[in-house]
Amino acid sequence: MFNNSNRGRDNSPTVPPAPPMPSASKSGRGMFSVLGPDVVVTGNVTATNDLHIDGRVEGDVNCGSLAQGSESQIFGSVVAESARLAGSIEGAVRVKQLTVERSAKITGDVEYENITIENGGHIDGRLKHMSSVDTSSRERPRAVESGSSPFVSNDEAA
């Protein structure tokens, strides 16, 4: 019972293995990154999945889904699949599914596919619907100079 037959063995208590982490699918669902309120980033931020920003970013932000806190500041462009903006942004915004909360202040052009602007949300810039921007640039006739006919090129008119 109490013999010395376990000499050389490790007598430390065994620790049960950690439970497996939820596996992320190839799209990385369930994974997110957070920039806290005390974080200042000088440079571009890229995240393949979800990103929550409560701090300050002095650069462009590119991510799958963005959640911006009300005290957050972004000085650069924002590109995302979806975004819920509550802080201030100085730069262009290009988001498919966009929600502008009442505390948000955006200074720059906004391109969107679907947009919700809460009462009090502030946008100082042009709003452009993405699908109309894409099709109108291809289908828009070229500008005609004054004094020339739209049916005859300038070379033929001379």
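The values are calculated or read from the model by the stated rules, or taken from the named source; none is laboratory data. Computed from a predicted structure; not experimentally measured. Cβ: placed from backbone, ideal geometry, glycine included. Neighbour counts: every protein chain shown.
Which numbered condition trips up Ser72, out of (1) at pLDDT 95 or above; (2) surrounded by fewer than 20 Cβ atoms within 10 Å (Cβ to Cβ)?
Every listed condition holds for Ser72 apart from (2).
Residue check: is Ile89 farther than 21 Å from Leu51 by Cβ and either hydrophobic (A, V, I, L, M, F, W, C) or in contact (Cβ under 8 Å) with a residue 24 or more places away in the chain (or both)?
no
Take the residues in the range 91-110 that are assigned to a loop (DSSP other than H, G, I, E, B) and not polar (S, T, N, Q); name whichever of them is farthest from Val78 (Cα to Cα).
Let us first name the residues in the range 91-110 that are assigned to a loop (DSSP other than H, G, I, E, B), namely 91-92, 101-104, 108-109.
So of that shortlist, the ones also not polar (S, T, N, Q) come out as 91-92, 101-102, 104, 108-109.
Details: Gly91: 7, Ala92: 6, Glu101: 16, Arg102: 19, Ala104: 14, Gly108: 10, Asp109: 11 Å.
Per the stated criteria, the residue is Arg102.
Look through the range 33-54, keep the residues that are touching a Ser or Thr at 6+ places or on another chain (Cβ under 7 Å) and of a type in the set (A, V, I, L, M, F, W, C), and return whichever of them is farthest from Val79 (Cα to Cα).
Ile53
Would you mention how many residues in the range 35-73 are among the small types (Gly, Ala, Ser), more than 9 Å from the chain's Cα centre (by Cα) and farther than 11 Å from Leu85 by Cα? If you could, list the steps in order and put the result at the bottom.
Taking the range 35-73 as the starting set, the residues that turn out to be among the small types (Gly, Ala, Ser) are 36, 43, 47, 55, 59, 64-65, 67, 69-70, 72.
Those still in the list that are more than 9 Å from the chain's Cα centre (by Cα) too: 36, 43, 55, 59, 69-70, 72.
Still in the running and farther than 11 Å from Leu85 by Cα: 36, 43, 55, 59.
Final tally of qualifying residues: 4.
Which residues, taken from the range 111-149, are at pLDDT 50 or above, over 15 Å from Arg94 (Cα atoms) and in a loop (DSSP other than H, G, I, E, B)?
Glu118, Asn119, Gly120, Gly121
Taking the conditions exactly as written (at pLDDT 95 or above and either among the acidic types (Asp, Glu) or under 10 Å from the mean Cα position of the chain (by Cα) (or both)), does Val95 satisfy them or not? Spell out the reasoning first.
Values: at pLDDT 95 or above: yes; either among the acidic types (Asp, Glu) or under 10 Å from the mean Cα position of the chain (by Cα) (or both): yes.
Answer is yes for this residue.
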